[in-house]
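One structure is given below, encoded as structure tokens.
The values are calculated or read from the model by the stated rules, or taken from the named source; none is laboratory data. Here the structure is a predicted model, which means the values were calculated and not measured. When we count neighbours, we look across all protein chains shown, and the Cβ atoms used for this are built from the backbone with ideal geometry, even at glycine.
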Amino acid sequence: MKTTKALFALIFVFLLNANHLLAQDSNGQPETTKEKSSIKEVDKINQASGEINETSANTAEAVKGTVSNTKETLKELGSLFGSGKEKAAKGVINIGIQPITYDDPNLNALYEQITEIRGVKNPNKNFRDNSVTITAEYKDGADALWQNVTTEVRAAFKMVQMGNDMIVVQPAD
């Protein structure tokens, strides 16, 4: 019985010391209210850091989506001029305009001017997905054709790209 009482006393003392040790920091000093609030602040910072990492991951995914959409748009714009493997008839000029609506007055003014330029044959206008392609036969090349369009009509468009047989513009607005 004495042994049991001594054992219980020893366990009681051990539990008191263990409880006292749990309330101490790593240096053996008792934790203060200030230290406890600092620990809470660190926990809050860790949580905020996790949220920032999650937001960064979402932003990265959004950027990847935007890049993918841009690639698709460029492919569609490229399809306006064919794959590049077929040779266009000599003197055929392609003018691509994107984005634009079919009834845009500046588009109609440009098309009318092109049809009236001396030496232009078989003008044609195609509209698809807010993109217009104007094709016309003109022996002097794309730059000469563009220079024959009046300054007022050209001012409604911003030049994006020009080659020997193609012009890419977009509305200046």
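A few notes on this one:
- Residue in segment 117-125 that is in contact (Cβ under 8 Å) with a residue 40 or more places away in the chain and under 21 Å from Glu76 (Cα atoms) present: no
- Of all the listed residues (Phe157, Phe81), the sole one being surrounded by 12 or more Cβ atoms within 10 Å (Cβ to Cβ) and modelled with pLDDT under 90 is Phe81.
- Gly119 vs. criteria at pLDDT 90 or above and surrounded by fewer than 18 Cβ atoms within 10 Å (Cβ to Cβ): yes
- Considering segment 122-146, and only residues there that are among the aliphatic types (A, V, I, L, M) and surrounded by 15 or more Cβ atoms within 10 Å (Cβ to Cβ), the residue that is farthest from Leu110 (Cα to Cα) turns out to be Ala142.
- Ala88 being closer than 30 Å to Asn130 by Cβ and at pLDDT 75 or above: no
- Residues in segment 129-143 that are over 14 Å from Val92 (Cβ atoms) and without any contact (Cβ under 8 Å) to a residue 40 or more places away in the chain: Asn130, Val132, Asp143.
- Residues located in segment 100-116, provided they are of a type in the set (S, T, N, Q) and modelled with pLDDT of 90 or more: Asn106, Asn108, Gln113, Thr115
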